[in-house]
Every structure is written in structure tokens, then in C-alpha cells.
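**Q** Below is a structure I'd like to ask you about.
The values are calculated or read from the model by the stated rules, or taken from the named source; none is laboratory data. A quick note: this is a predicted structure, and the numbers were derived from the prediction, not measured. Here the Cβ positions follow ideal geometry from the backbone for every residue, glycine too, while neighbour counts run over all protein chains shown.
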Amino acid sequence: MTAAIECRALVKRYPDIVAVDGLDLVVHTGECLAVLGPNGAGKTTTVEMIEGLTAATSGEIRVFGVAWGASAAGDRQIRSSIGVALQETRFQERLTVSETIELFASFFGESRPTAELVALVGLEAKQSGRVGKLSGGQLQRLALACALVGKPRLVCLDEPTTGLDPQSRRQIWDIVSRFKADGGTVLLTTHYMEEAAQLADRVAIMNRGKIIALDTPAALVASLAAEDIVDFTSDRPFTNERLLTLPGVSGATADGLKYRLQVKAVADTLPALFAAASESGVHIVTLGTHQATLEDVFVHHTGRGLQD
Amino acid sequence: MTRKSPLLQLVHARVLVFLREPATLFWVFLFPVILALVLGMAFRDRPPEPPRIGVVTGIASSATLHDIYAKSARVHLAEAPAEELQRKLDKGAIDVIVGLDEAGAATYHFDPQRAEARLARLVVDEELQRHYGRADPVTISERTEMPRGARYIDFLLPGLIAMNLMGSALWGVGYGMVAERSKKLMRRFATTPLSRTQFIASYIISRLAFLALEVAFLIGFGALVFDVEVQGNVGLLMLVALLGVMCFTGFAVLCASRTASVEVVSGFVNALTLPMWLLSGTFFSYERFPEVLQPIIRVLPLTALNDALRAITNDGAGVAAIAPQLAILAGWGTVTFVIGVRLFRWK
């Protein structure tokens, strides 16, 4: 089966910055791939090249086997098969929800009935209301309806839930999950690791124009060789060597008097940590633990947080 | 489910947006009517004011001159001391001061730079000479009926129609396009199979949809309120208006082809429209500009549209008479449109 998206040695160079720096990526048909990374990592540039909005400096992109830019008919075929929600689109405020969906529907040879889409994105109560009166979450659901109207095989969603409240975010996730359950392919960018964990079959971690890790969320977390993370602060310094000798510790980082340990099991490590502290007369001031997440994977690879 | 074509659906959406925008409706329909009302009132045809003449009081000739001019309907007499009359003359409040010495010789004191003053001098002189017995050797008969379409409002209304067509084409298409680009809505359209031609055509067609309404509205207003009559063929008038809109749409597409901010495109549109409002004879005849400017003024698209609309409305001109203007409009429209479409970018 042909891949939904194939990027080979993709480069986008701007006068002042290399936004995408030799990217190889395959998105399989029927999967959801999330590109996770901080602002400025090159996520949006990558997605816009895949959508045909931005021309690549070099490299090749194929969508369902058709290369961008090979022929006008090919480009048109790609556009017909992709549904898009850009990071920021302000729809015409003086049209209603239904009118907006019908407008987008007319651009595609085949389209889904407006009523069906309105119901899918839960905007029944607003369908005759002006777009200008919608809330942020409702606008994003309208954007999703417009992305799905042309019966696409692939949808590209650029940070679909940025700035939304948790409930709106969950509604968007439900809609995307349903599209995927019907066999659709999803390419998603996000800087919420929770979103990636929720929706994605595979996660690509992107930083400075490159993909630095690509796997299923579970495998990425497992690659840390740690189940849990222990964060603590102390009143006097510990040495890293001392921390690494504690049972079950696979990694330790320090930032002043703030420490982070990657551990196999909290229950084995904590008693030993307190013992070591009282032995050397150090007080542990604060302490917290959590299960290792994609965020920890990101910090492990880049040394900085997703929200930074 | 059957859908309209993308072009029709876009035109439909644009018409809806236009109708739902109260400000646009004001500028397109009410503004020209208000202008026509105000200017039509201000410059409506009144019998000309008689010349205002001054006669100095309290001297020997005062009574004689009073007898000559006070009963004449052709002048408006002001009698005052010499200093006061001089002040009024300097301000232009009177046109000429008449003096008469003991020997019976008259003096006319006036500003020869002012046409009204020169006219006043002629009237004053005629009255004086006739009073002292001049007989006119030639018999005169006057014909004073003027052809239709010679009033100021007849001149103004086609100009307002042209101005309106230019404004609505440039603002409607130019501003609208740039607004969609700055909202990133254009980028969103660009990811769909919608073609660039369909996108641009939708603007033009939605503008043309209002053309007939705009023109009919102004013509109807002129006929009802000011009794302005279209002497020529109304169908031809509409065709010329159509060509005018298409021409200015070309300029609009050019202005908006790559502009990303509404402020910049507003600047472009103002830079185009304001000079043409003045130069192309919207409010007064461009013949008043210096001879060297005439060739430039005549090739401006708004001049061509003004001239063609006026020729049809006021002189009942046919196609042949306005062929040069039509060629100018078609030329500008084609050139700007072709360049604009070539330069056009979705983002």
C-alpha cells in the first residue's frame, strides 16, 4: 500500500533561517502521526510544504504516491485528497456556519452533506448563526468541518487545539478520532504531549528543523528506560555520582539545587534517597514524582521543555 | 448532494457578505446620492444676481446717479460714503463704483481681474448712456432657451456614477481581496482544488452583480429629484458602465495581487482615486486645467468613463461617438488585469 505522505530529504531555507533541515518522514495510510515540538521547531513549515502552500527549497514530497509540483493535474489531485485546518484562519464573519461549509464543499468534486458535518462537529445549534459570533472552540470545530467536507483521505491539522479550554480540546479529539476510525489518515502538529499521546499512533519529535525521535508513544517513553520521574530540591548540593548509585536510577540531571531522577520504581529509590540525604546531612525540601511521559522524552532529547 | 459550481458559490457568498455590511451599502448607494443632493442644491440654476454698483452719497452727483440707477432692474444699487464703498469694492461686495463730475464725465472704478466687475461695468455704462439719450442702431432679438442636459446637475450626475463605479470596483475587489489574504482565508482556499481564475473571477462577477443596481439607483434618483434625463440609449449606458467596472477591476486586481495588509492596499486605492476625482472632471470640467495636462488627463480611465457617460446622458451619443473612450477603458482594463493575475499570490 502506498504511504499517505512521503517526505525525502526535505529542506526549507529562508534567508535568515533553515526552517526544515533535511527531513525524512513517512506517514502510513490510516495512521495518525503527531509532530511534537516547541514553537519554531519547523512543524508548521513542514505541514505547509505537505499541503502545497510553501515550496520546498529541495527534497521531494509525495502524497498518496503523487509528487507535488510534477503536474497541474497531480497537484489538483493532491488538493482534492487533503483536508486542511491551518493554525490561524479567520473565516468570513458575515457568513453563517452552514454557508461557510457549503462554500468549501463547492470547491471539491465530491462533498459530504452540510447537515451531516454540522452534526459531526456538534454545531447544530449554531448552523444559522454568523461565524463572527462563534467562540474559539466552535471556530476550531468549524475549521475541522471545512477540512472534512471534501471527503479527504488525509487531514493535516496544524495545532488544532492551541489556546482552547480542556472541554473544547476533548471535542476536537473526538472528531479526529472518528475520522481515523473510518480509515482516514491524520497528520497533526501540536505542542501538547497530552494531545499526541491521546491521538497519535506514532509521534515524531521535532527540534530545530529535524526529527530527532520517531516511534509509538509507548516505545518513546520506554526508550527512557525509566517508568517514573522523581523531582526534588534540597538545601545543600548532592553530587550526580552519588545520585546515580541509588537503586533503580537510570539518569540524573541537576539544575542548581533542583534535581531530576529517571527511575525504574519509585518505591525502591525513595527510601534510599532519604537514607543518603540524612547520611550526608542534606535536607530534602520538596519532592514530587510522576510517570514518565512524552514530555520527559522531549526534555531528554533536547534539554528543554515543550512549552519553553 | 448537488452543489453549485465553486464560482457561483463564491459569488453567492460575496454577495451575501456585501449585503450584510451596512458600511459598504452606505458608500455604494447613499454616499453618491448625498453628494448629488448637496452639490445639486449648492449649484442649482438660479437667475444670475444683478451687478452690485456703488454710488457715493453726500456729493453733487449723488442725486443724479440715484435717479438713473435706483429704478433700474438690471443693477443692485448701494449708496454709501466714499470710504465705505471703497472697502466694499476691495472685498468684492460691490462690483463697480460709478462717479460723475460737474462737466458730466463718468468714472468707473472696478477690478478688471473679476469677470463680474467687467460685466457690471458694461451694464452700468449702458444704463448711463441710454439715460443721456443713446439710441441703439441695431435691432436685437434674444434667444435664451438652452438645450436639455446643460445644467450643472446634468454634468454632475454622470460624474458621480463614474466615481461610484470606480470606487466600488477598487474598494470592493481590492480591499476585499487583501482582507481575505490578511485573514489567511486565501491560504485556506489555496489548499483546496479551487483555481486562481475562479477565485479572482468571483470577485469581478459579484461586483458586476451590483452594477445595474448602482447605476439604476443613481439615474432614478437624478430623474426623480433633479429631472435629469438620459438623452441617449440606456442599454448603451449600462454597457459603458460595465466596461468601466471591468476596467477598474483590473486596477483592483493589480493593487491587491500581492498586498498583504489592508492599510497598504488602502493607500494604493486612495493614490489612484483621489487624483482622478480631481483631474478627470468629476465635479468640474477638466478643460480648466492647463493645456499641457490635457493629453494626460484624457487618457485617464476615469476621464474616459466620465466623457462616455456624459456623452450618452447629455448629448445622446451613440457608440461611434464614444469609441475612443471605450478603447481607453478596454486598454487599461486588459493591461492591469493581465499583470495583476500574473503577479497574484495566495499569500
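**Q** Please specify each residue of region A:176-193 satisfying the condition of being touching a residue at least 24 places away in the same chain (Cβ under 8 Å), of a type outside the set (A, V, I, L, M, F, W, C) and not in a loop (DSSP other than H, G, I, E, B).
**A** Here is the first cut: in region A:176-193, the residues touching a residue at least 24 places away in the same chain (Cβ under 8 Å) are A:176, A:178-180, A:183-193.
Within this subset, residues satisfying the condition of being of a type outside the set (A, V, I, L, M, F, W, C) are A:178, A:180, A:183-185, A:189-192.
Correct list: A:ARG178, A:LYS180, A:THR185, A:THR189, A:THR190.
**Q** Moving to a separate point now. Check off (1) in contact (Cβ under 8 Å) with a residue 12 or more places away in the chain; (2) within 14 Å of chain B (Cβ to nearest Cβ); (3) farther than 13 Å from A:LEU10 by Cα for A:LEU103 and give me the number that stays unchecked.
**A** The single condition A:LEU103 does not satisfy is (1).
**Q** Please verify whether region A:127-138 includes one or more residues that are within 12 Å of chain B (Cβ to nearest Cβ), out of contact with any strand residue (DSSP E or B) (no Cβ under 8 Å at 6 or more places or on another chain) and either modelled with pLDDT of 95 or more or exposed (fewer than 15 other Cβ atoms within 10 Å of the Cβ) (or both). Walk me through it before giving the result.
**A** Pass one, region A:127-138, residues within 12 Å of chain B (Cβ to nearest Cβ): A:130-132.
Filter again for out of contact with any strand residue (DSSP E or B) (no Cβ under 8 Å at 6 or more places or on another chain), leaving A:132.
Restricting the remaining residues to those that are either modelled with pLDDT of 95 or more or exposed (fewer than 15 other Cβ atoms within 10 Å of the Cβ) (or both) gives A:132.
Yes, there is a match, as at least one residue in region A:127-138 is within 12 Å of chain B (Cβ to nearest Cβ), out of contact with any strand residue (DSSP E or B) (no Cβ under 8 Å at 6 or more places or on another chain) and either modelled with pLDDT of 95 or more or exposed (fewer than 15 other Cβ atoms within 10 Å of the Cβ) (or both).
**Q** Which of (1) within 21 Å of B:LEU194 (Cα to Cα); (2) part of a helix (DSSP H, G or I); (3) within 11 Å of chain B (Cβ to nearest Cβ) is the odd one out, the single condition A:GLU116 does not satisfy?
**A** (1)
**Q** Okay, next question. Look through B:ILE153, B:ILE161 and report the one residue that is in contact (Cβ under 8 Å) with a residue 40 or more places away in the chain and touching a Phe, Trp or Tyr at 6+ places or on another chain (Cβ under 9 Å).
**A** Numbers: B:ILE161 fails: touching a Phe, Trp or Tyr at 6+ places or on another chain (Cβ under 9 Å).
Criteria check complete, one pass: B:ILE153.
**Q** A:SER98: more than 18 Å from the chain's Cα centre (by Cα), buried (at least 17 other Cβ atoms within 10 Å of the Cβ) and over 27 Å from A:VAL35 (Cβ atoms), yes or no?
**A** Working: more than 18 Å from the chain's Cα centre (by Cα): yes; buried (at least 17 other Cβ atoms within 10 Å of the Cβ): yes; over 27 Å from A:VAL35 (Cβ atoms): yes.
Answer is yes for this residue.
**Q** For region A:154-199, how many residues are more than 24 Å from A:VAL297 (Cβ to Cβ) and within 14 Å of another protein chain (Cβ to nearest Cβ)?
**A** 2
**Q** For region A:249-279, how many residues meet the condition of being small (Gly, Ala, Ser) and touching a residue at least 24 places away in the same chain (Cβ under 8 Å)?
**A** Keep residues of region A:249-279 that are small (Gly, Ala, Ser), which gives A:250-252, A:254, A:256, A:265, A:267, A:272, A:275-278.
Those left that are additionally touching a residue at least 24 places away in the same chain (Cβ under 8 Å): A:250-251, A:265, A:272, A:276-277.
The total comes to 6.
**Q** Moving to a separate point now. Within region A:47-73, track down each residue that is outside any loop (DSSP other than H, G, I, E, B) and under 24 Å from A:GLY22 (Cα atoms). Give the derivation first.
**A** First, pick out the residues of region A:47-73 that are outside any loop (DSSP other than H, G, I, E, B): A:47-50, A:58-63, A:66-67, A:72-73.
Within region A:47-73, A:VAL47, A:GLU48, A:MET49, A:ILE50, A:SER58, A:GLY59, A:GLU60, A:ILE61, A:ARG62, A:VAL63, A:VAL66, A:ALA67 qualify.
**Q** Which residue, of A:SER98, A:SER80, is closer than 26 Å to B:LYS4 by Cβ, within 11 Å of chain B (Cβ to nearest Cβ) and either in a helix (DSSP H, G or I) or at pLDDT 95 or above (or both)? Give the derivation first.
**A** Details: A:SER98 fails: within 11 Å of chain B (Cβ to nearest Cβ).
Of A:SER98, A:SER80, the one residue that is closer than 26 Å to B:LYS4 by Cβ, within 11 Å of chain B (Cβ to nearest Cβ) and either in a helix (DSSP H, G or I) or at pLDDT 95 or above (or both) is A:SER80.
**Q** How many residues are part of a helix (DSSP H, G or I) and crowded, with 20+ Cβ neighbours inside 10 Å if we restrict to region B:215-236?
**A** Residues of region B:215-236 that are part of a helix (DSSP H, G or I), as a first pass: B:215-226, B:234-236.
Still in the running and crowded, with 20+ Cβ neighbours inside 10 Å: B:215, B:218-219, B:222.
Residues meeting the conditions: 4.
**Q** Right, next: Here are the criteria: (1) farther than 30 Å from B:LEU160 by Cβ; (2) surrounded by 11 or more Cβ atoms within 10 Å (Cβ to Cβ). Tell me which single one B:LEU39 does not satisfy.
**A** Result: B:LEU39 fails condition (1) only.
**Q** Give me the pairs, please: first residue somewhere in region A:140-169 and assigned by TED's automatic domain parsing to the domain that holds A:GLU93, second residue anywhere and among the charged types (D, E, K, R) and part of a helix (DSSP H, G or I), beta-carbon distance under 7 Å, and either six or more positions apart or on two chains.
**A** Going by the 7 Å Cβ cut-off, the qualifying pairs are A:THR161/A:ARG169; A:THR161/A:GLU195.
**Q** Taking the condition surrounded by fewer than 17 Cβ atoms within 10 Å (Cβ to Cβ) and either away from chain A (no Cβ under 14 Å) or not in a helix (DSSP H, G or I) (or both), does B:PRO48 pass? Give the steps one after another, and end with the answer.
**A** Numbers: surrounded by fewer than 17 Cβ atoms within 10 Å (Cβ to Cβ): yes; either away from chain A (no Cβ under 14 Å) or not in a helix (DSSP H, G or I) (or both): yes.
Yes: the conditions hold for B:PRO48.
**Q** For region B:141-158, state whether one or more residues are surrounded by 24 or more Cβ atoms within 10 Å (Cβ to Cβ), within 18 Å of B:LEU254 (Cβ to Cβ) and not hydroxyl-bearing (Ser, Thr, Tyr).
**A** no
**Q** Working only within region A:207-226, note down all residues that are of a type outside the set (A, V, I, L, M, F, W, C) and surrounded by 15 or more Cβ atoms within 10 Å (Cβ to Cβ). Walk me through it before giving the result.
**A** Initially, region A:207-226 is screened for residues of a type outside the set (A, V, I, L, M, F, W, C), giving A:207-210, A:215-217, A:223.
Selection gives A:ASN207, A:ARG208, A:GLY209, A:LYS210, A:ASP215, A:PRO217.
**Q** Any idea how many residues of region A:230-260 are of a type in the set (D, E, K, R) and more than 18 Å from A:HIS300 (Cα to Cα)? Steps first, please.
**A** Narrowing region A:230-260 to residues of a type in the set (D, E, K, R): A:231, A:235-236, A:241-242, A:255, A:258, A:260.
Pick out the ones that are also more than 18 Å from A:HIS300 (Cα to Cα) and you get A:235-236, A:241-242.
So the answer is 4.
**Q** I'm told A:ASP215 meets every condition in (1) touching a residue at least 24 places away in the same chain (Cβ under 8 Å); (2) in contact with a Lys or Arg (Cβ under 8 Å, 6 or more places away or on another chain) except one. Can you identify the failing condition by its number?
**A** The failed condition is (1).
**Q** Right, next: Of the residues A:ILE50, A:ILE78, only one is touching a residue at least 12 places away in the same chain (Cβ under 8 Å), of a type outside the set (D, E, K, R) and touching a Cys at 6+ places or on another chain (Cβ under 9 Å); which?
**A** Result of the check over A:ILE50, A:ILE78: A:ILE50.
**Q** Considering only region B:270-286, I want to know if a residue exists there that is closer than 30 Å to B:ALA179 by Cα, over 17 Å from the mean Cα position of the chain (by Cα) and assigned to a helix (DSSP H, G or I).
**A** Keep residues of region B:270-286 that are closer than 30 Å to B:ALA179 by Cα, which gives B:270-280, B:282.
Going one step further and asking which of them are over 17 Å from the mean Cα position of the chain (by Cα), we end up with B:270-271.
Narrowing further to those that are assigned to a helix (DSSP H, G or I): B:270-271.
Scanning region B:270-286, I find at least one residue that is closer than 30 Å to B:ALA179 by Cα, over 17 Å from the mean Cα position of the chain (by Cα) and assigned to a helix (DSSP H, G or I), so the answer is yes.
**Q** Here's another thing I want to ask about it. Which one of the conditions (1) part of a helix (DSSP H, G or I); (2) over 30 Å from B:PHE155 (Cβ atoms) does B:SER72 fail to meet, given that it meets all the rest?
**A** Status for B:SER72: all satisfied but (1).
**Q** Continuing with the same structure: Which members of region B:6-21 meet the condition of being within 7 Å of another protein chain (Cβ to nearest Cβ) and either among the aromatic types (Phe, Trp, Tyr) or surrounded by fewer than 20 Cβ atoms within 10 Å (Cβ to Cβ) (or both)?
**A** Across region B:6-21, the qualifying residues are B:LEU16, B:VAL17, B:ARG20, B:GLU21.
**Q** Among what's in region B:239-269 and is part of a helix (DSSP H, G or I) and hydroxyl-bearing (Ser, Thr, Tyr), pick the residue that is nearest to B:ALA179 (Cα to Cα).
**A** Selected residue: B:SER266.
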